[in-house]
Structures are given as C-alpha cells and as structure tokens.
Protein chains: 4
Amino acid sequence: MDTFHDIRVAAWEANRSLPHHGLVTFSFGNVSVLDRERGVFAIKPSGVPYESLLADDLVVVDLDGRVVAGSMRPSSDTPTHAVLYREFVNVGAIAHTHSTYAVAWAQALRAIPVYGTTHADHLPTPVPCTPIMEDDRILGDYEAETGRLIVETFLDEGLAPEDVQMVLVGGHGPFTWGPTGPAAVYHSAMLEEIARMAWLTESLEPGARSLKSTLVDRHFGRKHGPDAYYGQP
Amino acid sequence: MDTFHDIRVAAWEANRSLPHHGLVTFSFGNVSVLDRERGVFAIKPSGVPYESLLADDLVVVDLDGRVVAGSMRPSSDTPTHAVLYREFVNVGAIAHTHSTYAVAWAQALRAIPVYGTTHADHLPTPVPCTPIMEDDRILGDYEAETGRLIVETFLDEGLAPEDVQMVLVGGHGPFTWGPTGPAAVYHSAMLEEIARMAWLTESLEPGARSLKSTLVDRHFGRKHGPDAYYGQP
Amino acid sequence: MDTFHDIRVAAWEANRSLPHHGLVTFSFGNVSVLDRERGVFAIKPSGVPYESLLADDLVVVDLDGRVVAGSMRPSSDTPTHAVLYREFVNVGAIAHTHSTYAVAWAQALRAIPVYGTTHADHLPTPVPCTPIMEDDRILGDYEAETGRLIVETFLDEGLAPEDVQMVLVGGHGPFTWGPTGPAAVYHSAMLEEIARMAWLTESLEPGARSLKSTLVDRHFGRKHGPDAYYGQP
Amino acid sequence: MDTFHDIRVAAWEANRSLPHHGLVTFSFGNVSVLDRERGVFAIKPSGVPYESLLADDLVVVDLDGRVVAGSMRPSSDTPTHAVLYREFVNVGAIAHTHSTYAVAWAQALRAIPVYGTTHADHLPTPVPCTPIMEDDRILGDYEAETGRLIVETFLDEGLAPEDVQMVLVGGHGPFTWGPTGPAAVYHSAMLEEIARMAWLTESLEPGARSLKSTLVDRHFGRKHGPDAYYGQP
C-alpha cells in the first residue's frame, strides 16, 4: 500500500489542472503538495507530458530534496520547492508555470504594480520580482539558490508569504503557493490575469498610478483577515 | 413552493452564461435579476464557483439589501446592485464582471471614446468611468457608495441609464445592466469587445479621433428609438 | 418547392461558418450569396442569432434590394450588398463582420500595409480603407451609400475587385467577397489574421517598411493568375 | 504495398498536429519527414486543408525535390525543405507555419533576443532572422533560394542547426526542425510562445536587456548536451 497516496493524488490533480487553466503547454511547469508532519512532498516527474501523467508517477521527496519514493526523476525545480517549504512554514503547496504574461513581467525584471481591485483582492502589495542571480550562485546549486533568492526578496521587502502568495523570478517566471494544491494553482491563474490586466493598463495609460492604499486595504480586507466578509461563513 | 422561483432561475441562467462568454473565471462576477413589483432581486451567493451553482443557491434580497430568502450570504457587491435598482428605475437586471479589457480601461481611469460603429450601435456616448472614491466613503458603506458613485457620474455627465447601459468603476471594473438578465450579460460582452477594439485602435493610431456625431446618431438610431430599423419588427 | 433553395442553403452555410471561425458573436455580421443569372441574392435576416438560424430564414432580395422571397426583414446592410453586386460584376458572395483586428484598423482610418508574404499570398496591395462618409450621405440612403463609398475607393485607387477581395469601411469594419460563400468567408478570416500580424509588426518595429514589390508579385503570382503553381491543378 | 508508409504516416501525423496546436488555419503550413537512408521525404500536398488530409495524400520527394511517389502536387515550399535536408545533415523533419507572433518578428525583420529562461531552455542564441532576398534570386528558383538563404544565415552567424532548430525568414515566417516530426512541430509551438513572450517583454520594458550568458548557458545545459539533467534518463 502506498503510504503517500494522499499527497500523490493531490499533487497529480493540481498538476493536471494547470493545462486546464491554460497555464502550461507540453511538459512545462510543475506543482508539489506537502505533508508537513512527515516532512515530504509529492512533485511532478521531470519532462513528463501532462496528458500521460499518472498519480503513481509523482515523486515523493523530503525537505532536503532527496527522493523518498517513486521510480522517476523529480522535476529539476525540486530544490526550489524544498527551500520554499523549509523557509515559508505555512505553505502547503507550490506551483511553477511559464504562463505568458507573468513571464513577460519577469523577463522585463519588473514587479507588477497594484493597478486595481482585482489585484488588491488577492494581495496588498505589488507582485515582487527577484533580481537576476549572481554568477557564482548560477554556477553552484542553481535551483536551491532560486529558492533562496525568493526568500531573500521577501525578507528585503518585508513581505509575509501568507499575504503575498506569488513571486516573479527575474528573467525566468512565476512561483505561487497556498495552503493546498488548488490554492497554489488558483494563485498561478490569478497572477496571470493580474499580469495581463496590468500590461494593458500601462498600454492605455503610460503614466498609470497605483491604487491608493485605502482602496487596496478595503479590498484585501474584504477577503482576508479577521474582518473578511467575502464568501460563505 | 418557492415564490421567487422565476427570478432565481433567471438570475441563475444569467450567472451561468458569464463563463460561457469568457467574462469570468473561478467565482468572480455576479448577475442579479429584479422583480420590481415586489421590490426584490435574486443575486449570486458570495464566492461560489459557477460550475457548482444551483438555482436554489441564489439569494433573494430587497432594495435595502436585506436578505428575504436563501440560506447563503449574497454577493458582497449586493449593496451596489440595490442602489442601482433604486435609482435607475427602468433597470431589470445588473451584471458585474472583471473582464480583462474593460478592467484595463477602468484601471487606467479612462472613459472609452466612441471610435467606431460597433460602439455606436450600442450607446451614443463614451463608456463613462467614475473617479476614484474619496477615502471617507471607502471606509464607510463601501459597496453602497460604489452604487452612489455610479449614479453621481450619470448625473454629472447628463447620461440616461436607458441609453448608456454600462459603466466603468475607476480602479475596479465594469457594471452593466438592461431590462432582462440576458440583456445585462449581453452588455457585459459587448463592453468587453468595445474596450478591446478601442485599445487596439489607439495602439494603431495614438491620435485617433472619435467618430463624428452624424455617424454615431445614425448607428445608434438604427437600433434604438422610434426610427429603429434593425432586427425583426 | 423553394426555387431559391440553392442560394439559401449556400448563404445559410456561409453565415453559420462565421462564428465557427471566431469572426462574429451574437447576431453581428452577415453573408449573402448571389444567383447572378436571376439577379437575386440570399442574405441573413436582421438581428437573428447564428445558433437559431435556419436555411428557410434567409431572405431573397433583388439587386435593387427589394425582398423577393422570405417572411423576415433582411439584414440592415442589404443595400450595401446590392450595390457591390451591381458594380463588382464578378463577385458571387459577400461577407461582413465586426472582427476585432480588422475593425481596429478601420477605426484608426488606416489601410493595412503589405508587411509580409501572408498578406501578399492573398492580395497585391494594401487592404484599402474608405474615408469617413460625408454628412449628407449618412443622413440619406446610408447603407447604399456605404456600398458606393467602397466602389469609389476602388476606382480612386485603381483597384480590381477580382484581385483585392476585401476592404475596410472607415470607422466601421470589413467587407470581403469572392466567387462563392466559402471564399468570401475565407477572405474575412484571412483579413483578420493579416490585420493582427500587421498590428504586431508595427508594435515590434514602429518604422516597419512594406514588402518590396518583387516579393509581393512573386507570392501573389504563386497563387493567382496564369503562372500560379500553388494548390492542385 | 506502400514502401513509404512509415514516413507518410509520420508526416501525416505531424501535419495534423499543426492545427491542434493553433499554429495554422485553413491549408497554411506544412511538415515533412525524412528517410535519410533512402534520400526521400514525405511532405504535405499543396493547398489541401488539414481536416481532409489522408496519409496516402502525402507526396514522397527526393532531395532534389523530384516526386518519387504520390499523385498530388507537393507543397510549393518543397524545394526549401530539400535544400535544408541536404545542408543540415542531422535534421529528420521540418515544419513551416505562418504562426502569428513568429510571423510578426519576421515581418519586422528582427531576430528574437534571449529575454528569459523559456527561450534559453530551447536555444542558446537569439532566434535568427534572414535578410530580405535579393531580386534576382526572388525571380529565379525562389523556394530553393529560401533554403539557401537560411543556410547562409546560419553560416554567417556561426550557428549550429543542432542547437538552433528554428529560423525566421525575413518578411515571410518561421521554419523549424528536429530529429523527428513531433520535435519539429514542438519547435514551431515553442517559437510561437517565445515570440509572444519577447514581444510582451519589450512592450513592458522598451529597453529590455538580454539574459546574461551564465544564465543562458545554465538553462540550455540543463536540457541539452552531456551534462543535461532535465527529463527522464
């Protein structure tokens, strides 16, 4: 009996939902789901197309990135996921895509400003963008360094990963997370939409200004925190 | 027996048609349908995904926004709908989406100029855009204030809600309406298309000029008013 | 027995293919198919959605725009079709859409330059764009004047409607034609793609130059005229 | 018995996958698959729509472009394929499309800079763009000259067709290749996505800079060459 059945199925379902939302093509992207008590997560095997992916193909890895179960090689981005799970202690699942609009902002090395309430409904700050990595780190343990770069960016900018559940890795693309697989994938989809709306906003109004903080706080507060009144109780 | 069956089913069908037209994803957006004689409207419950929405889930609310029937919490935008129904006395249904191109104009805080006959076929003026709300109103009864801001914008600009059946709330997104649920949703879809065409027009010709009034009036008059000759008698 | 069965079915099929190619939504757009010997054409009834359109709904009209058969009111653009059939004597079918990118060029009042071989495969000149109509003609027989404006533009620019099977009506949108219904619709689809490619080309290279005539002639000649060698003999 | 059954079926499947990936409409584009031992390749017949294409319709041609088997006329681009197979000795299949974003870069006469890791995962240099062909070559054996222009561009820029499996023909559009039919089509799809991301990147950041070589090499090396660690062993 597979003692990792739960997280394998959860990660398999989350991975399969990426192409459904138009976030990946071919074998791009990956989602992992964590069992924090046991200190292991299930992640997509490297380079396997979504349509032929089986739940049993998911690879189970510990928080040092060592394979615990599974016969396939895990995603090459596995060390990035491992670092994020170690450092962001309330994260339960992580998604990585190369979705078009989010990648464009990452390639432009730009954080996404808060231009409207669609953005503020999901996070109270710009979507952060890491700087380009230094050469010695690229030549070293590159994928783990990608995770560290994300963590450093959150520390530098004073961001809480519980409020800001998405990031752009400069020159690369987005990572998003949440308490569950569907939440991580939902944040990938919303980031893509926010990225597209912000691009169009600047195209229509080159000097567009960020939404004022009163409005940002009102919208973020409607959905998050003690005074939230959106959704069902 | 459900005495609100008619408006619940009408609102349910209208809400379900939003994702069909590509106007919403996940649980974004909402449509309501009014029974003006009884002074109540049916509206989507807050935060429920469209694919799992049942007609019985629709919440029935009076024109002060008080729940009259239904076990779920109504959309957080309910007070906006209530104000619009009170002030715009010929409106029978209201739709709110976060459709991409309309939101981009709203985030750019710009009314959409009349650049062509596709626009003029539907309304004889630019699509109005409200200013950003003052802080004390944001901190107060925010959703009702959103409705009042729309009404003020129509008064300030001398617009008739029977002719101009759509508006952009600055920094937020579109609200549209009509005599029926399908009409309100149709206006959401047309607004999105008008917004996209106008963005492309400016991209091709930064100094694009609005359509002259003779042509606007001819096209609007083909479809609306006493001399209309479009459609079947 | 319906003596107009052939053109009604041909026009019905061509109209139904418009939404299939993503060229129209709701009841926008119309296609007509001509029987030149009898001097009549079948055209979409005004304001009827494509999904509920039946072949028997098609209205048969003579070249003066008078209804010959059918119980519905024909498209409000019928007089435009009639003028084009009278003046462009080799045209067998006409399509009118509000497709997004073609409309954007029409709203920008710009002809579409020949930027590449995809364009030159289909026509050897820019896609012409009519000027905005004078007020007295707008206030007169507007739809027939739209047809005359197209014919005048072809005369002024020395264009042959057998080579250039598409036009933009300034401030409005595209009309395309061909010997048959499928050909007219095909030209609507290709115009939309040409319009999109040309917009992107200018976005990437604001000073983009038109393709030189040697290359235009080579590509147009591959598919058209006595030396054509594209397709099956 | 058809001794060319294998390459015909392989080329048929590859051609049929082009519309599936949104890379062609109508009869545009073509894929060929080579049997290098026998010195023949199977290619799409000219001007045949994808939905009615049968495996037996594929035309078998030798490396001088002479028809060896098949009753239809081969794609008018056949001489381009033949030149590329003769000169690029490790290529096993070639795809040609008029996909929108790749064509736009070709029409802008611009190579696509390496703006991010999605690009670097697939090739270590910009996507090359040939210059516009000289008049005497256009008037001569045009399609073979297109192949020679591609080969010259690779020689001039010192590119290896094993590493850079795609090219833009200036004013025309993309050709891509690979060891197999699916690989050639995959490169067409990735080129289109790379082209779209790069366009958006410049739109967001007009002075965008190319990714530094350390990062390009790391990503290209993850997937290609002796130290590759992406995918399954």
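Looking only at residues in the stretch D:187-202 that are at the interface with another protein chain (Cβ under 8 Å from one of its Cβ atoms) and open to solvent by 10 Å² or more (accessible area, probe 1.4 Å), the one that is farthest from D:G22 (Cα to Cα) is D:E202.
Quick check on my filter: what residues within the stretch A:83-104 are within 30 Å of D:W199 (Cα to Cα) and touching a helix residue (DSSP H, G or I) at 6+ places or on another chain (Cβ under 7 Å)?
Filtering the stretch A:83-104 for residues within 30 Å of D:W199 (Cα to Cα) gives A:94-104.
Matches in the stretch A:83-104: A:I94, A:A95, A:T97, A:H98, A:S99, A:T100, A:Y101, A:A102, A:V103, A:A104.
Output the residues belonging to the stretch A:218-229 that are more than 7 Å from chain B (Cβ to nearest Cβ) and open to solvent by less than 60 Å² (accessible area, probe 1.4 Å). Outline the logic, then answer.
From the stretch A:218-229, those more than 7 Å from chain B (Cβ to nearest Cβ) are A:219-221, A:223-228; that's our starting set.
Once the filter is applied, which keeps residues that are more than 7 Å from chain B (Cβ to nearest Cβ) and open to solvent by less than 60 Å² (accessible area, probe 1.4 Å), the stretch A:218-229 yields A:H219, A:F220, A:G221, A:K223, A:G225, A:A228.
Figure legend. Inter-residue proximity from the stretch B:92-110: first residues touching a residue at least 40 places away in the same chain (Cβ under 8 Å) and more than 7 Å from every other protein chain (Cβ to nearest Cβ), second residues surrounded by fewer than 24 Cβ atoms within 10 Å (Cβ to Cβ) and polar (S, T, N, Q), beta-carbon distance below 6 Å, spacing 6+ or different chains. Indicated pairs: B:G92/B:T180; B:A93/B:T180. Restricting attention to the stretch B:42-62, the residues being open to solvent by 40 Å² or more (accessible area, probe 1.4 Å) and not polar (S, T, N, Q) number 4.
Going residue by residue through the stretch D:23-39, is there one that turns out to be closer than 26 Å to A:F26 by Cα, among the hydroxyl-bearing types (S, T, Y) and open to solvent by 40 Å² or more (accessible area, probe 1.4 Å)? The answer is yes; a qualifying residue exists.
Residues checked against (1) modelled with pLDDT under 95; (2) out of contact with any Asp or Glu (no Cβ under 6 Å at 6 or more places or on another chain); (3) among the hydroxyl-bearing types (S, T, Y):
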site: C:V151; (1), (2), (3): no, no, no
site: C:D156; (1), (2), (3): no, yes, no
site: C:V164; (1), (2), (3): no, yes, no
site: C:G171; (1), (2), (3): no, yes, no
site: C:S188; (1), (2), (3): no, yes, yes
site: C:R196; (1), (2), (3): no, yes, no
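Does D:A11 satisfy the criteria of being hydrophobic (A, V, I, L, M, F, W, C) and in contact (Cβ under 8 Å) with a residue 60 or more places away in the chain? So D:A11 passes the test. Checking the structure you have, find out if any residue of the stretch A:100-107 is open to solvent by 10 Å² or more (accessible area, probe 1.4 Å) and either in contact with a strand residue (DSSP E or B) (Cβ under 6 Å, 6 or more places away or on another chain) or acidic (D, E) (or both). Looking through the stretch A:100-107, none of the residues is open to solvent by 10 Å² or more (accessible area, probe 1.4 Å) and either in contact with a strand residue (DSSP E or B) (Cβ under 6 Å, 6 or more places away or on another chain) or acidic (D, E) (or both).
Looking only at the stretch D:74-112, residues that are under 29 Å from C:E205 (Cα atoms), polar (S, T, N, Q) and within 14 Å of the chain's Cα centre (by Cα) come to 3 in all. For the stretch A:127-142, the condition holds for at least one residue, the condition being that it is away from chain B (no Cβ under 14 Å), farther than 24 Å from D:D217 by Cα and at pLDDT 95 or above.
Could you say which residue among A:P131, A:P124 is open to solvent by 10 Å² or more (accessible area, probe 1.4 Å), of a type outside the set (V, I, T) and either touching a Ser or Thr at 6+ places or on another chain (Cβ under 8 Å) or over 24 Å from B:L109 (Cα atoms) (or both)? Spell out how you get there, then give the answer.
Values: A:P124 fails: either touching a Ser or Thr at 6+ places or on another chain (Cβ under 8 Å) or over 24 Å from B:L109 (Cα atoms) (or both).
It is A:P131.
The number of residues in the stretch D:203-217 that are touching a residue at least 24 places away in the same chain (Cβ under 8 Å) and either at the interface with another protein chain (Cβ under 7 Å from one of its Cβ atoms) or of a type in the set (D, E) (or both) comes to 4.
Being away from every other protein chain (no Cβ under 13 Å), at negative phi and in contact with a strand residue (DSSP E or B) (Cβ under 9 Å, 6 or more places away or on another chain) narrows it down to one residue among C:V89, C:V61; which is it? None of the other options fit; the residue is C:V61.
The values are calculated or read from the model by the stated rules, or taken from the named source; none is laboratory data. Quantities reported herein were computed from a predicted structural model and do not represent experimental measurements. Here Cβ is always computed from backbone atoms with ideal geometry, including for glycine, and neighbour counts include all displayed protein chains. When the accessible area is computed, the model is the full protein with side chains, heavy atoms only, and any ligands, DNA or RNA have been set aside. Shrake-Rupley method; radii C 1.70, N 1.55, O 1.52, S 1.80 Å.
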